[in-house]
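These notes are about the structure you will find just below.
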Amino acid sequence: MNFDRTSFRHHIESLRGEWERALNEHGFDAALVPAGTNSYYFADDQSPPFRPNPHFARWVPEPLTENAVLLVRPAMTPKLFFYQPEDFWYVPPTVPDWANDAFDVAVYQEAEHQIKDIVEATRSLANVAYVGPDTELASNLALTTKDVTPLVDQLDYGRSFKTAFEITNMKGATEIGVRGHLAAHRAFLSGASEFDIHMAYLDASKQTESDLPYPNIIALNEHAGTLHYQHYDRLTPKNVHSFLIDAGGKFNGYHSDITRSYSAVPGDDFDSLIQALDEKQQGLINGIGLGLSYLDLHERMHHDIAELLVAFGFVTCSAEAAFDQRLTDAFFPHGLGHLLGLQTHDVGGRLTAGQANNSKPSDRFPTLRLTRQIEANQIFTVEPGIYFIPMLIDSVKNPADIDRDRVQAFVPFGGIRIEDNVLATENGHENLTRPAFEKALAQ
Ligand code: GLY
Ligand code: MN
Ligand code: MN
C-alpha cells in the first residue's frame, strides 16, 4: 500500500469544493495555511519532532513540510510555497512528486524570497484567513482582523467526513498498528518487560517513536489502571497478571488508535471479564448506524458495564442502581471514543453543522470528546474500559453497594480497554480494526 495519486486528486477536488464554500460563506477571499515551524526546547538547539498543522496536512499529506505554506483561493489551483533550504546538517524537506498533480508549486531556498512572494500573492486580497499556528510569517502579512474562528469550526466539522483517500490511509495505518500489536502480544507471551514489548511493537510496525501517532501505552499489571500510562519498565514483574496495549500506526499522516487487553492466565476471572467486555463492545458496534447519537452509545455502554459489574460481583445492587448511583463512572472514567484522522483525538467532535461549540454534552459526562450524530464517512473509536483504580473507587459517594474485597482482588490487574476504529457508512458501519487482525493472523 502506498500513495494513490488518483484517489489523492479526487480528495483534493473534494477539499477545494469544501474550502471554497466555507470561504464564501464566511466572507474570506482566500486562506493561507502554514504547515508550521519547529519549536525549540527552552534555551536549547534541540526540538521535538515536527508535526504539521493538520489543516495543512489534509491538503499536503507529507510528514516533512516545515515552513511550507499553502494559499487556497476559490476557483484557483492552490499555490504551495515550499521551503527547501540547502543544508548539510539535516536532510531538508523535499516536494513529493504528487504535489504537482494538485498544486501550483514554488520552491524556495531562501525564506525571505518565500515570504516576499507570499506577501505579494496576498497583497490585493482584503480578507485572507490565516489558518495555522502563529509564526513569524503571520507578522509579515497584513492580515485581516476578521475572526477566523467560525471558518475554522466549519473546516474542523468537515474534517470528520473522510474522503476515499483518507479512508484508505486509515486502513493503512490500521495494518501498521496491527502488525505491531501481534508482535507485542507474542512478546508478552514470552515474558517480555514493558520496554521489550514496546521495542517489539516498534520493530514489527517499522515505526520509530517519533513516527507513532501517540506514545505507546504498554502496561503490565496495575499499570493498566493508569489510563495513559507512559513508562516502560525494563524488568518484567515477578508475577504477571495482565497486559494492556494501546498503540497505533500512522500512514500518510493518518492515525489508527487500537487497544487490546490480555490476561496472563487464560480462563481466569480477569480473562472472562475481558471476553465479556469484548462482547459488549462488539454488540454496541454491530448496532451502529446513521443517525444514532454518540452520546447515547456512551450511555448505553455505561448500562452494559453496569451489567458486568453485577455479573462479576463488583457491585451488590442492580445494574440500574449501579448506573443511577454513578458507580459505573468509577470503573469507566473516560469517554466511549473520539473522532480519528490526522490527529488521534481529531477535533470537531462537539461541533454542530451550525459551527458553534455545543455546550456541555451532558451534566453527567461533561468531558466527552464526541457528542455528534453518526453520519456516513465519519471515523471514530469505540473504546470501552473497566478499570480498578483505587483513587476512583475511594471517591465514590455511596460506596455501600461496592464489594470492596472483590474490587481489591482485581486491583493488581489494573484494568481493561478494548478499542476499535469504526467507519460509519451509508449502510451502517465498517469496523476497520477487527478484519485487519483477522487478515494478519491468517497470513
Ligand atoms: N490512545 C489514546 C486514546 O485511546 O484515546
Ligand atoms: Mn482512543
Ligand atoms: Mn487508544
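The values are calculated or read from the model by the stated rules, or taken from the named source; none is laboratory data. All values derive from a computational prediction rather than experimental measurement. No Cβ is skipped: glycine too gets one built from the backbone with ideal geometry, and neighbour counts run over all protein chains shown.
Quick look at the values:
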| item | result |
| --- | --- |
| Region 306-348 - residue that is more than 30 Å from residue 56 (Cα to Cα) and of a type in the set (Gly, Ala, Ser) and, of those, nearest to ligand 3 (Cβ to nearest atom) | 330 |
| Check on residue 114, of a type in the set (S, T, N, Q) and either surrounded by 16 or more Cβ atoms within 10 Å (Cβ to Cβ) or at pLDDT below 95 (or both) | yes |
| Given (1) surrounded by fewer than 17 Cβ atoms within 10 Å (Cβ to Cβ); (2) of a type in the set (D, E, K, R); (3) modelled with pLDDT of 95 or more; (4) outside any helix (DSSP H, G or I), index of the condition residue 434 fails | (4) |
| Selection from region 247-272 of residues that are surrounded by fewer than 23 Cβ atoms within 10 Å (Cβ to Cβ) and within 10 Å of ligand 1 (Cβ to nearest atom) | 259 |
| The lone exception for residue 245 - which of (1) β-branched (Val, Ile, Thr); (2) assigned to a loop (DSSP other than H, G, I, E, B); (3) within 13 Å of ligand 3 (Cβ to nearest atom) it fails | (2) |
| The one condition in (1) of a type outside the set (A, V, I, L, M); (2) out of contact with any strand residue (DSSP E or B) (no Cβ under 9 Å at 6 or more places or on another chain); (3) surrounded by 17 or more Cβ atoms within 10 Å (Cβ to Cβ) that residue 17 fails to fulfil | (3) |
| Lone unmet requirement of (1) of a type outside the set (A, V, I, L, M, F, W, C); (2) loosely packed, with under 15 Cβ neighbours inside 10 Å; (3) in contact (Cβ under 8 Å) with a residue 24 or more places away in the chain; (4) more than 19 Å from residue 15 (Cα to Cα) for residue 84 | (2) |
| Region 290-347, subset over 30 Å from residue 379 (Cβ atoms), free of Cβ contacts under 8 Å to residues at least 24 places away in the same chain and surrounded by fewer than 17 Cβ atoms within 10 Å (Cβ to Cβ), residue farthest from ligand 2 (Cβ to nearest atom) | 318 |
| Selected residue [assigned to a helix (DSSP H, G or I) and farther than 25 Å from residue 403 by Cβ] from 285, 305 | 285 |
| Total residues in region 226-246, condition more than 14 Å from ligand 2 (Cβ to nearest atom) and surrounded by 24 or more Cβ atoms within 10 Å (Cβ to Cβ) | 2 |
| All positions within region 254-269 that are within 16 Å of ligand 3 (Cβ to nearest atom) and among the hydroxyl-bearing types (Ser, Thr, Tyr) | 254, 256, 259, 261, 262 |
| Enumeration of residues in region 220-242 that are more than 16 Å from ligand 3 (Cβ to nearest atom), in a loop (DSSP other than H, G, I, E, B) and of a type outside the set (Val, Ile, Thr) | 231, 232, 233, 234, 235, 237, 238, 239, 241 |
| Residue 67, sole failed condition from (1) of a type outside the set (D, E, K, R); (2) closer than 24 Å to residue 150 by Cα; (3) buried (at least 18 other Cβ atoms within 10 Å of the Cβ) | (2) |
